[in-house]
């Protein structure tokens, strides 16, 4: 087991967003969390990334290390957990290349960094054409590619993806998910949260269903795709 | 015509101080979305640290212990004071701002005011109300260029401030630290996802801004050798105006606005009685802001402050 989360609770002020959820990810796995808007999907990823504080009785263990001991930047630089945030959140005032380089801020392996940048450009050839362009001038699809590329540069043990399909035309969505598959085959585990349940369950091996801050269902993706409750609530009948 | 150029020279010198102080204001404001109202007082602290170091080196030289020439003492004073004052800035960040990063902006703003008062009155308590004189480190030389009098000090002051401004611009645009600063100005909440510590960048921002304020303080001491604990208030406010006028996220903008303010003030004083100077000068600035609310080179985006 690579990442195990037990009794994860997160509150925003007096509002409880997560009521103690449990899940795990194995090495090299693709796992998805599906759920409606406001179910707590983004909060789950932010808690792993330590962008939002988890309540002290939560347990999050990554490769034997207590995640609660790490600050947000160390989760990335020391543990290799990267995070593609909701809405991409690129640095629009920086160039494509600068966005990629910034993600290597804490890395010391200079030669590998150059090889990784080459790799990103070989996965997303469009980014290479636009490497000296400001990220803010990219199209939606290119921005999502850069967001994934940037996460690839920052850490590669687990990639957390928050709604990567959002706002993308089907063809671009395919490009992004094909790239994610490639990245996964090279050894990066993926935790994907999506409103697009069908897409997520087809992509992932296992899935969890999050409702109002509770995980209500889990299983293999193909079982969840067949599950009548899931069908009714998330797959449009 | 001669009067015009004479005033131009004076404006360049005065603008140099405003520009150097404005840089620190602008950096903290752009990168941390924070008005560091203590910055003018950091300028004062830098001037006093410079006074201390210069006095020490002059004393050592007079005993023959460390016989350095005056210009070298000045260079050393600038470098050492910039270094030491950067720690004052880091301390201010650590105790005054970091605990308040999630607090309402107004709380963080009044922290600056309070730290400013603490620095002023702390100085008063430590050194007393007596003004101190910055030691004369370099021989004054005046050159007559077609009726315009230029001193070696003025040339040095303008030169040093331009060099420091360009150096900062290079740092911010070319290094990875500068890249992280620009990223923070755009969207600081997700900067940790790049493996960058926000605290480190905030500390660095305060350190650099304070070091530049110290340089300004010493140059100020060279030009007007009388230091007093409240010397940073008015000039600090004006530099703050320059920082905003330059535009958020623009190093060169802040420096240019600093020089521009210097020009406006000096030239207003050339035409009108000096009691009218700030009244008219800052009415002009207000008018500029009405027509250019983002300042001269402000980036057209606003920082994201929510996840």
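The values are calculated or read from the model by the stated rules, or taken from the named source; none is laboratory data. Remember, predicted model here, so these are calculated numbers, not experimental data. Neighbour counts are summed over all protein chains in view; Cβ atoms, including those assigned to glycine, are modelled from backbone coordinates with ideal geometry.
Structure above, values below:
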read-out: Of all residues making up region B:15-48, the number that are assigned to a helix (DSSP H, G or I) and more than 8 Å from the chain's Cα centre (by Cα); value: 16
read-out: Among the residues listed as B:215, B:136, B:125, the single one being assigned to a loop (DSSP other than H, G, I, E, B), over 30 Å from residue A:151 (Cα atoms) and out of contact with any strand residue (DSSP E or B) (no Cβ under 7 Å at 6 or more places or on another chain); value: B:136
read-out: Qualifying positions in region A:68-106 - buried (at least 23 other Cβ atoms within 10 Å of the Cβ), closer than 16 Å to residue A:44 by Cβ and more than 7 Å from chain B (Cβ to nearest Cβ); value: A:75, A:81, A:82, A:84
read-out: Some residue of region B:172-191 being touching a strand residue (DSSP E or B) at 6+ places or on another chain (Cβ under 9 Å) and at negative phi; value: yes
read-out: Qualifying residue in region B:186-198 (condition: in a loop (DSSP other than H, G, I, E, B) and modelled with pLDDT under 95); value: no
read-out: One residue from B:150, B:172 being more than 30 Å from residue A:90 (Cβ to Cβ) and in contact with a helix residue (DSSP H, G or I) (Cβ under 6 Å, 6 or more places away or on another chain); value: B:150
read-out: Residues of region A:107-140 that turn out to be more than 14 Å from every other protein chain (Cβ to nearest Cβ) and touching a strand residue (DSSP E or B) at 6+ places or on another chain (Cβ under 8 Å), as a count; value: 2
read-out: Enumeration of residues in region A:184-217 that are assigned to a strand (DSSP E or B) and in contact with a helix residue (DSSP H, G or I) (Cβ under 8 Å, 6 or more places away or on another chain); value: A:190, A:191, A:192, A:193, A:194, A:206, A:207, A:209, A:210, A:217
read-out: Number of the condition not met by residue B:152 [criteria: (1) more than 24 Å from residue A:136 (Cα to Cα); (2) facing chain A (nearest Cβ under 10 Å); (3) in contact with a strand residue (DSSP E or B) (Cβ under 8 Å, 6 or more places away or on another chain)]; value: (2)
read-out: Test: residue in region A:15-32 that is surrounded by fewer than 23 Cβ atoms within 10 Å (Cβ to Cβ) and within 14 Å of chain B (Cβ to nearest Cβ); value: yes
read-out: Residue, surrounded by the fewest Cβ atoms within 10 Å (Cβ to Cβ), within region A:49-67, restricted to residues that are more than 7 Å from chain B (Cβ to nearest Cβ) and more than 21 Å from residue A:1 (Cβ to Cβ); value: A:56
read-out: Yes/no for residue B:108 being closer than 20 Å to residue B:203 by Cβ, at pLDDT below 90 and assigned to a helix (DSSP H, G or I); value: yes
